[in-house]
Every structure is written in structure tokens, then in C-alpha cells.
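K.L.:
The structure's right below; bear with me while I get my questions together.
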Amino acid sequence: MDDDKARNRFLAISLLRLAGALLVMFGLVIAAGRLPDVPRIAGIVAVLVGALDFALVPVLLARRWRTPK
């Protein structure tokens, strides 16, 4: 595999994992009631979506991009 292609894929996976972690943290802020205009359920949903994004999306992309044996 081309080094540039591998670097770009690693960067994409890392950024998606970071986005998931940020979504979890933002959801925790909302769920804690720190943003009074936003319903708490939205924070809980954000935490769940962020956790799934953090855990599943990088694995699925790595599996999809794996070189064939």
C-alpha cells in the first residue's frame, strides 16, 4: 500500500475517534444540565452516539480498508 494512502487512512480513523470522544464529552455537559436551553435527553443521545462512533466506526473502516490476503 502506498505510504500516503496509509497515512491518510490512519488520519481519518484518528479524527473520527477524536470526534466521537468530543461528542461524548459534549453530551456529558448537556446531560449534566450545564446548557439549560438543551434538553437532557439530547445529551444522553449524544453520549450514546459518540460512544458508538468512538468504538465502532474506526473498527469498521479498518476492516473495510484491510488489504486482502
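K.L.:
Within the accessible area of the chain, what % is carbon and sulfur when the probe is 1.4 Å and the other protein chains stay in place?
P.N.:
With neighbouring chains kept in place, the figure for the chain is 68 percent.
K.L.:
Output wanted: per-residue J couplings in Hz (rounded whole) for the stretch 33-38, from phi through Karplus 6.51 cos²θ - 1.76 cosθ + 1.60, θ = phi - 60°, x for Gly and Pro.
P.N.:
x, 6, 10, x, 7, 9
K.L.:
How high is the relative contact order of the chain, given as a whole-number percent (alpha carbon pairs under 8 Å, six or more residues apart)?
P.N.:
It rounds to 36 percent for the chain.
K.L.:
Let me ask something else about it. With only Lys, Arg, Asp and Glu charged, each at its Cβ (+1 for the first two, -1 for the last two), find how big the charge dipole of the stretch 1-44 is about the Cα centre; round to the nearest 20 debye.
P.N.:
160
K.L.:
Quick one: P(r) of the chain from all Cα-Cα pairs, 10 Å bins, percents rounded to integers, in order of increasing distance.
P.N.:
Values per bin, smallest distances first: 22, 36, 22, 14, 5, 0.
K.L.:
Could I ask something else about it? Of Ile41, Met25, Ala62, which is farthest on the positive side of the dipole of the chain, counting Cα position, with +1 on Lys and Arg Cβ, -1 on Asp and Glu Cβ, and the Cα centre as origin?
P.N.:
Checking the options against the dipole of the chain, the answer is Ala62.
The values are calculated or read from the model by the stated rules, or taken from the named source; none is laboratory data. What you see is a predicted model, and the numbers here were worked out from it, not measured in a lab. For neighbour counting, all protein chains shown are included, and Cβ atoms are generated from backbone atoms with ideal geometry for every residue, glycine included. Heads up: the accessible areas ignore ligands, DNA and RNA and are worked out on the full protein's heavy atoms, side chains in. Shrake-Rupley method; radii C 1.70, N 1.55, O 1.52, S 1.80 Å.
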